[in-house]
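To start, the structure under review is shown below, and the notes come after it.
The values are calculated or read from the model by the stated rules, or taken from the named source; none is laboratory data. For clarity, every value in this text was computed on a predicted model and none was experimentally measured. FYI the Cβ positions are ideal-geometry reconstructions off the backbone, even for glycines, and counts take in every protein chain you see. Accessible surface areas use protein heavy atoms only, side chains included; no ligands, DNA or RNA. Shrake-Rupley method; radii C 1.70, N 1.55, O 1.52, S 1.80 Å.
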Amino acid sequence: MIYTVTLNPALDKTVEIPSLTVDAVNRITSMRTDPGGKGINVSKVIQKLGGASVAAGILGGDTGRAILSALTEMGLTTLFHFVEGETRTNMKIIDPDNHTNTDINEPGVTVSEEILEKLLEELLAKVTKEDIVVISGSMPKGSPKDTYYTWTKAFREKGAKVILDADGDLLKAGLKASPYLIKPNNHELGALTGRALETPEEIAETAAELMKEYGIGKVVVSMGGDGAVYVTKDKTIYAEGLKVPVGSTVGAGDSVAAALAVSEEEGKTLEETVRLSTAVGAANVMCSGTQAAEYEVVETLLPKVVFRTI
């Protein structure tokens, strides 16, 4: 089973505003809302890929209940703890004229260490060595800075494979617990190591050093529209980015994390994993908001994926 952890979920409100202008009245031409947060996005994509997951995390208030209701309607299995306060609503502004995507994210509810410990205990009672746990996204207010270290270490001790998708201090803390796979982008990896990483070869070399230092099994580094680098102990592959019409880039990285988790669960080869995750990422970029792309769209993109060993 795949478990996804979203400790700071959100209701994602995606609006389209042509020629967005600061300090002026702007008119919304279209709008949609989706249950969001990185782990939740991962679970939505896993379902479209024919897989199953348990979406776990923290919710609060009417917004939290709306998110839970939407996930239940989708047929997703959930494990959420409710707290006082209101789950955040995040605004995603798409400007089709200027080809920009602007995120305005609320901070979210405050969550005590006690609540986090209770959720972790409940998950640890369920997770086995056969499972994959995807930990991703931001932390809620009030949570310890080493939470991702604590959670990664706890799941690893249960024998589960942990996919950690975080950045900054959260990633830095989590690395010390030796997650199975991390998925930074090239800028996040560069900030972590103090290097400017521009070429696939530079990224591959830095990722390999990080794997050796922290005992990480795999590293996947996104380069945005330029593709991604997949690094294992035995092989490294660079995949070119697919050129597709952009609906929204929000959640594209989460869709790749979903494909990586499904590939790991199904025992796919690295080449199969590269094809699937590249196609899934591109298919979700074509969607509006943080809705998950249908698998039929992914299938049309699979033959178009171009990659090479480096």
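Out of all the residues in the stretch 1-46, which are among the hydroxyl-bearing types (Ser, Thr, Tyr) and either over 18 Å from LEU76 (Cβ atoms) or open to solvent by 10 Å² or more (accessible area, probe 1.4 Å) (or both)?
TYR3, THR14, SER19, THR21, THR29, SER30, THR33
For ASN98, all conditions in the list (1) of a type in the set (S, T, N, Q); (2) at pLDDT 95 or above; (3) open to solvent by 10 Å² or more (accessible area, probe 1.4 Å) hold save one; what is the number of the exception?
The failed condition is (2).
Can you pull out the residues in the stretch 103-143 that are β-branched (Val, Ile, Thr) and surrounded by 14 or more Cβ atoms within 10 Å (Cβ to Cβ)?
Of everything in the stretch 103-143, those that are β-branched (Val, Ile, Thr) and surrounded by 14 or more Cβ atoms within 10 Å (Cβ to Cβ) turn out to be VAL109, THR110, VAL111, ILE115, VAL127, ILE132, VAL133, VAL134, ILE135.
Residue by residue through the stretch 275-287, note down the ones that are assigned to a helix (DSSP H, G or I), open to solvent by 20 Å² or more (accessible area, probe 1.4 Å) and over 24 Å from ILE135 (Cβ atoms).
The one that is assigned to a helix (DSSP H, G or I), open to solvent by 20 Å² or more (accessible area, probe 1.4 Å) and over 24 Å from ILE135 (Cβ atoms): ARG275.
If you take the residues of the stretch 296-310 that are without any contact (Cβ under 8 Å) to a residue 40 or more places away in the chain and charged (D, E, K, R), which of them is most open to solvent (accessible area, probe 1.4 Å)?
Applying the filter and picking the extreme gives GLU296.
Counting only residues that are open to solvent by 10 Å² or more (accessible area, probe 1.4 Å) and either assigned to a helix (DSSP H, G or I) or charged (D, E, K, R) (or both), which one in the stretch 152-164 is nearest to GLY217 (Cα to Cα)?
LYS161
Listed here are the residues, each with its yes/no results for (1) over 30 Å from SER19 (Cβ atoms); (2) of a type outside the set (D, E, K, R).
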| residue | (1), (2) |
| --- | --- |
| ASP62 | yes, no |
| LEU68 | yes, yes |
| GLU73 | yes, no |
| LEU76 | yes, yes |
| PHE80 | yes, yes |
| GLU84 | yes, no |
| ILE93 | no, yes |
| ASP97 | no, no |
| ASN101 | no, yes |
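Residue under question is GLY36, and the condition is that it be under 26 Å from PRO144 (Cβ atoms), of a type outside the set (A, V, I, L, M, F, W, C) and either within 17 Å of the chain's Cα centre (by Cα) or modelled with pLDDT under 95 (or both); does it hold?
When the stated conditions are applied, GLY36 passes them.
Can you list residue pairs whose Cβ atoms sit under 6 Å apart, with the first residue in the stretch 81-93 being at positive phi and the second being surrounded by 19 or more Cβ atoms within 10 Å (Cβ to Cβ) and of a type in the set (Gly, Ala, Ser)? Count only pairs 6 or more apart in sequence or on different chains.
Correct list of pairs: GLY85/GLY60.
For (1) in contact with a His (Cβ under 7 Å, 6 or more places away or on another chain); (2) more than 25 Å from LEU11 (Cβ to Cβ); (3) hydrophobic (A, V, I, L, M, F, W, C); (4) part of a strand (DSSP E or B), each residue gets a yes or a no:
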| residue | (1), (2), (3), (4) |
| --- | --- |
| SER69 | no, no, no, no |
| LEU79 | no, no, yes, yes |
| ASN101 | no, no, no, yes |
| GLU106 | no, no, no, no |
| VAL127 | no, yes, yes, no |
| TYR149 | no, yes, no, no |
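Residues in the stretch 54-79 that are buried (at least 21 other Cβ atoms within 10 Å of the Cβ) and either at positive phi or touching a residue at least 60 places away in the same chain (Cβ under 8 Å) (or both): how many?
Total satisfying the criteria: 3.
If you scan the stretch 1-35, which residues turn out to be charged (D, E, K, R) and in contact (Cβ under 8 Å) with a residue 40 or more places away in the chain?
Result: ASP12, LYS13, GLU16, ARG32, ASP34.
Mind listing whichever residues of the stretch 51-67 are among the polar types (S, T, N, Q) and either modelled with pLDDT under 95 or not in a strand (DSSP E or B) (or both)?
THR63
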